[in-house]
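Have a look at the structure below, then the notes.
The values are calculated or read from the model by the stated rules, or taken from the named source; none is laboratory data. This one's a predicted model, so the numbers in the text were calculated from it and none came from an experiment. Because the Cβ atoms are built from the backbone with ideal geometry, glycine has one as well, and the counts that use them run over all protein chains shown. These accessible areas exclude ligands, DNA and RNA; they are computed on the full protein's heavy atoms, side chains included. Shrake-Rupley method; radii C 1.70, N 1.55, O 1.52, S 1.80 Å.
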2 protein chains.
Amino acid sequence: MIKYSVVIVDDHTLLSQAIAAMVNTFEKFKVLYTCKNGQELVDQFSSSPKFIPDVVLMDINMPIMNGIETTEWITKNHQDVNVMALSVEDEDTTILKMLKVGAIGYLLKDTEKSVLENALVEIAENGFYHTKNVTNLLMKSLSGNGKEEIILNDRQVAFMKHACSELTYKEIADIMCLSPKTIDGYRDVLFTKLNVKNRVGLVMYAIKNKIYTP
Amino acid sequence: MIKYSVVIVDDHTLLSQAIAAMVNTFEKFKVLYTCKNGQELVDQFSSSPKFIPDVVLMDINMPIMNGIETTEWITKNHQDVNVMALSVEDEDTTILKMLKVGAIGYLLKDTEKSVLENALVEIAENGFYHTKNVTNLLMKSLSGNGKEEIILNDRQVAFMKHACSELTYKEIADIMCLSPKTIDGYRDVLFTKLNVKNRVGLVMYAIKNKIYTP
DNA sequence: TATAAAAAAGGTGTTTTTCCTGTATAATTA
DNA sequence: TAATTATACAGGAAAAACACCTTTTTTATA
């Protein structure tokens, strides 16, 4: 029986090894190799056609070259390779980003073994797989029904980062070379835009959305 | 051959299943079951002595009951069980906390399969295992070179958690059934104790030290 | 270039936070 | 038992945060 080849990309060696072993127990699949980050995968792909698999299981948070960048590279240069995101992240914006750059599936790491197997089969044979939450997200996204994604501009992002420090707004104003009143404005706009009540809300939003990393 | 029994605690089902499968390939080990969080483990332990393993592989970041709280519970109630932390975290304070509450080993998730096996053998047979970075950390800590640890009591921890929400101090006072002035006191004490300037500082401390998980 | 939109800044007032200095009381300990 | 410590609470003042509403300046663009 011809098995579909799989490559796993994850910076946590132990996990990629463990998942590789698991995938190898699946009847229809065989792990070609694993990578620690996107750069390693690019190198492998480029070295020989032998190293181009049918499916890539892609983590998102990785050093050097993350899952989004890597997926973008794959779909540009190897359109026949199917990428499935495999992440701990449940953030709408992250999922949408992965799908936008060409991932055809998105699995959370807290799914069951059987779900992973089904997903791999779907992807290898039908070319797509989506969990319910992703499907719903896509529906919402298409129908414009879902939360329209909140986009912060550069200055707002800069402000948010400062807001996560122990600086007062006045001090933030000084650093950003703006009037305290302008900073007041930034804050007020973001309060309504992000739907938070106070500075703690800003901080939490920034952390959850990776604007600031503690 | 009698195998050591292992329990794996990790909120990412796929990962705990994969690691479980891996551990089951180790000659001397056998996975009893896996848990999604500390609460599940406590329930299992409490239900029957059959479900008390030789070794627990413990993730740190988990919902409901995290690795630190869970390890503390285990070492209090089941001193014969050896806990090894298995985390993506490389933070000194987190590692120290895990060791403080009784973990006898600390492994990062980006280690090799063979390292995990060796570590398990060491733990099961000798009762301890430490990677070099942990050993160095302990040396520093013992020689008094490391920062002396800050201990918060239960009510301070409760306050800290509330401080990470968007509640005002007055609202926190209501929830905790204390006078707003008492809450003022808690805050002021923690400001100096944790060496922070304002509420954002409290929030950051709480997050970094896993008192609050965003 | 006229004009609409966005960014920056100002005015004013309220609420919350922060920072003091104290008091009372129960528990701990010398 | 006396002293110490920890906890709960109070008053008041100054600083910061928050809210809302207006005006000026830039920027984009039709």
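Test of understanding: among A:Glu148, A:Glu112, A:Glu166, which residue is of a type in the set (Asp, Glu) and at pLDDT 95 or above? Spell out the reasoning first.
On the way: A:Glu148 fails: at pLDDT 95 or above; A:Glu112 fails: at pLDDT 95 or above.
Every option except A:Glu166 fails the conditions.
Among the strands (runs of 3 or more DSSP E) confined wholly to segment A:1-71, which include 2 or more residues that are open to solvent by less than 10 Å² (accessible area, probe 1.4 Å) and within 21 Å of A:Lys100 (Cβ to Cβ)?
A:55-58
Give me the residue from segment B:188-214 that is over 25 Å from the mean Cα position of the chain (by Cα) and within 11 Å of DNA strand D (Cβ to nearest atom) and, out of that set, farthest from the other protein chains (Cβ to nearest Cβ).
Taking segment B:188-214 and keeping what is over 25 Å from the mean Cα position of the chain (by Cα), we get B:188-189, B:192, B:197-198.
Subset that is within 11 Å of DNA strand D (Cβ to nearest atom): B:188-189, B:197-198.
Values: B:Asp188: 15, B:Val189: 17, B:Lys197: 4, B:Asn198: 6 Å.
The residue in question is B:Val189.
Go through (1) in contact with a strand residue (DSSP E or B) (Cβ under 9 Å, 6 or more places away or on another chain); (2) part of a helix (DSSP H, G or I) for A:Tyr106 and report which single condition fails.
Condition (2) is where A:Tyr106 drops out.
Need the failing condition index for A:Ala119 against (1) surrounded by 21 or more Cβ atoms within 10 Å (Cβ to Cβ); (2) of a type in the set (A, V, I, L, M, F, W, C); (3) more than 14 Å from chain B (Cβ to nearest Cβ), just the number.
(3)
Taking B:Ile183 as meeting all but one of (1) more than 14 Å from chain A (Cβ to nearest Cβ); (2) of a type in the set (A, V, I, L, M); (3) open to solvent by 40 Å² or more (accessible area, probe 1.4 Å), write down the number of the exception.
The number of the failed condition is (3).
Here is a list: B:Thr94, B:Thr111. Which entry is part of a loop (DSSP other than H, G, I, E, B) and among the hydroxyl-bearing types (Ser, Thr, Tyr)? Explain how you work it out, then say what you get.
Values: B:Thr94 fails: part of a loop (DSSP other than H, G, I, E, B).
When all the criteria are applied, what remains is B:Thr111.
Take the residues in segment A:191-204 that are away from DNA strand C (no atom under 11 Å from the Cβ) and outside any loop (DSSP other than H, G, I, E, B); name whichever of them is most open to solvent (accessible area, probe 1.4 Å). Outline the logic, then answer.
So in segment A:191-204, the residues away from DNA strand C (no atom under 11 Å from the Cβ) come out as A:191-192, A:194-196, A:201-204.
So of that shortlist, the ones also outside any loop (DSSP other than H, G, I, E, B) come out as A:191-192, A:194, A:201-204.
Numbers: A:Phe191: 41, A:Thr192: 107, A:Leu194: 16, A:Gly201: 2, A:Leu202: 1, A:Val203: 1, A:Met204: 15 Å².
If we take residues in segment A:191-204 being away from DNA strand C (no atom under 11 Å from the Cβ) and outside any loop (DSSP other than H, G, I, E, B), then A:Thr192 is most open to solvent (accessible area, probe 1.4 Å).
Quick one: would you say A:Asp90 is within 26 Å of A:Lys210 (Cα to Cα), within 14 Å of another protein chain (Cβ to nearest Cβ) and open to solvent by 10 Å² or more (accessible area, probe 1.4 Å)? Don't jump to the end; show me each part of the working.
Numbers: within 26 Å of A:Lys210 (Cα to Cα): yes; within 14 Å of another protein chain (Cβ to nearest Cβ): yes; open to solvent by 10 Å² or more (accessible area, probe 1.4 Å): yes.
Yes.
Of (1) open to solvent by 20 Å² or more (accessible area, probe 1.4 Å); (2) closer than 13 Å to B:Leu120 by Cβ; (3) modelled with pLDDT under 90, B:Gly105 satisfies all except one. Which?
(1)
So which residues in segment B:162-180 are away from chain A (no Cβ under 12 Å) and either aliphatic (A, V, I, L, M) or in a helix (DSSP H, G or I) (or both), if there are any at all? Don't jump to the end; show me each part of the working.
Let us first name the residues in segment B:162-180 that are away from chain A (no Cβ under 12 Å), namely B:170, B:173-180.
Within segment B:162-180, B:Lys170, B:Ala173, B:Asp174, B:Ile175, B:Met176, B:Leu178, B:Pro180 qualify.
Looking at segment A:158-178, which of its residues are away from DNA strand D (no atom under 11 Å from the Cβ), farther than 22 Å from A:Thr93 by Cα and open to solvent by less than 70 Å² (accessible area, probe 1.4 Å)? Break it down into steps so the answer makes sense when it comes.
So in segment A:158-178, the residues away from DNA strand D (no atom under 11 Å from the Cβ) come out as A:158-161, A:164, A:174-178.
Now drop any that are not farther than 22 Å from A:Thr93 by Cα, which leaves A:174-178.
Correct list: A:Met176, A:Leu178.
Considering segment B:205-214 alone, what residues qualify as being in a loop (DSSP other than H, G, I, E, B) and among the hydroxyl-bearing types (Ser, Thr, Tyr)? Let's see the steps before the verdict.
Start the filter on segment B:205-214 by keeping residues that are in a loop (DSSP other than H, G, I, E, B), which leaves B:209-214.
Correct list: B:Tyr212, B:Thr213.
Kindly establish whether A:Pro49 is in contact with a Leu (Cβ under 6 Å, 6 or more places away or on another chain) and either within 14 Å of another protein chain (Cβ to nearest Cβ) or not aliphatic (A, V, I, L, M) (or both). Outline the logic, then answer.
Working: in contact with a Leu (Cβ under 6 Å, 6 or more places away or on another chain): no; either within 14 Å of another protein chain (Cβ to nearest Cβ) or not aliphatic (A, V, I, L, M) (or both): yes.
Taking the combined requirement at face value, the residue does not satisfy it.
For residues in segment B:205-214 being surrounded by 16 or more Cβ atoms within 10 Å (Cβ to Cβ) and touching a residue at least 60 places away in the same chain (Cβ under 8 Å), which is farthest from DNA strand C (Cβ to nearest atom)?
B:Lys210
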